[in-house]
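Right, one structure below, let's go through it.
The values are calculated or read from the model by the stated rules, or taken from the named source; none is laboratory data. What you are looking at is a predicted structure, and each value in this text was computed from that prediction instead of being measured. Heads up, the Cβs are rebuilt from the backbone with ideal geometry, glycines too, and the neighbour counts pull from every protein chain shown. Side chains included, ligands, DNA and RNA excluded: accessible areas come from the protein's heavy atoms. Shrake-Rupley method; radii C 1.70, N 1.55, O 1.52, S 1.80 Å.
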Amino acid sequence: MHWLLRGPPIVTTKNPSRSSQTPDKRGFSVRSFGTGTHVKLPGPAPDKPNVYDFKTTYDQMYNDLLRKDKELYTQNGILHMLDRNKRIKPRPERFQNCKDLFDLILTCEERVYDQVVEDLNSREQETCQPVHVINVDIQDNHEEATLGAFLICELCQCIQHTEDMENEIDELLQEFEEKSGRTFLHTVCFY
């Protein structure tokens with residue numbers, strides 16, 4: 001199926017953690033995006049996040065947090081995550097700034113799903129190519145991101161093996177809901 005060659009982007013609010021857990025290792029070409037206006041990483045307190053522009057590289061974020069408090073950001077896993085991310089791509093990407101076409105977009109939070117659907121519906125339709133947008137809620141922590149990555153990977157493998165994605169996807173998502181105990185949101189938008 002050609003749609004997996006372009007890969008399903010994984011879209012999250014802040015970008016770095018859940019989206020980068022989804023494995024390229026299973027043969028999927030994955031791109032990750034954020035939808036917020038800035039990249040926010042946990043800070044020394046819940047009301048004091050580290051805020052970066054999308055133009056900031058993962059290397060710059062890593063070095064900034066290393067200078068601020070190496071022990072804290074090592075202990076909470078942020079330095080490890082940024083180190084992993086900088087080996088994947090230089091910096092976070094914002095979904096609203098991407099004009100590439102995808103056949104499948106996966107989000108990990110209902111609010112982000114709504115932002116993606118709103119953005120796609122606000123774009124001028126040029127090709128009328130459909131894009132499936134699917135949400136599975138995944139908590140924004142390392143353990144849930146890892147488990148969610150396996151679930152998303154299994155979902156993509158099942159979609160890849162359907163003979164007629166357009167007619168089989170609703171039934172497939174219902175099976176995944178029953179199997180995983182999670183609710184999936186799904187809609188089709190057009191480019």
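In this structure, the amide hydrogen of F184, modeled 1.01 Å from its nitrogen in the peptide plane, lies closer than 5 angstrom to no residue at least 5 positions away or on a different chain. Between T37 and L66, the contour length at 0.36 nm per residue exceeds the alpha carbon distance by 8.1 nm. Give the separation of the Cα centroids, segment 149-175 to segment 48-125, in Å. Measuring centre to centre over Cα atoms gives 26 Å.
Taking the helices alone, the chain has a mean residue ellipticity at 222 nm of -14500 deg cm²/dmol, built from -39,500 (n - 2.57) per DSSP H run of at least 4 residues and averaged over all its residues. The order of S32, S180 by accessible area, most exposed first and with a 1.4 Å probe, is S180, S32. In percent, rounded to a whole number, the relative contact order of segment 39-88 is 32, using alpha-carbon pairs under 8 Å and six or more apart.
Between V112, V51, V30, the residue with the greatest mean-square fluctuation in the GNM of the chain (Cα pairs under 10 Å linked by springs) is V51. Full extension of the chain segment joining R182 with D119 gains 20.2 nm, where the gain is 0.36 nm per residue of separation less the Cα-Cα distance. Principal-axis analysis of the Cα atoms of the chain puts helix 142-160 at an angle of about 20° to the longest axis. For N97 and A45, the difference between the fully extended length at 0.36 nm per residue and the C-alpha to C-alpha distance is 15.7 nm. Go through K48/K68; K48/K89; K55/K86 and tell me which ones have a Cα-Cα distance over 18 Å in this structure. In this structure, K48/K89 exceed 18 Å between Cα atoms. Here each label is just a point 7 Å from Cα along the line to Cβ, and for T146 and Q75 those points are 2.0 nm apart. Indicate the gyration tensor shape class of segment 39-88 (rounded, prolate or oblate), computed on the Cα atoms with a ≥ b ≥ c the square roots of the eigenvalues: a/c under 1.5 is rounded; otherwise a/b larger than b/c is prolate and the rest oblate. Taking the square roots of the gyration eigenvalues as a ≥ b ≥ c, segment 39-88 is oblate. Using the Cβ-Cβ distance between E163 and E126 with R0 set to 25 Å, the FRET efficiency from 1/(1 + (r/R0)^6) comes to roughly 0.30.
Using a probe of 1.4 Å on the protein chains alone, the accessible area found for H38 is around 80 Å². Our summary gives the chain a relative contact order of 26 percent, counting only alpha carbon pairs under 8 angstrom and 6 or more residues apart.
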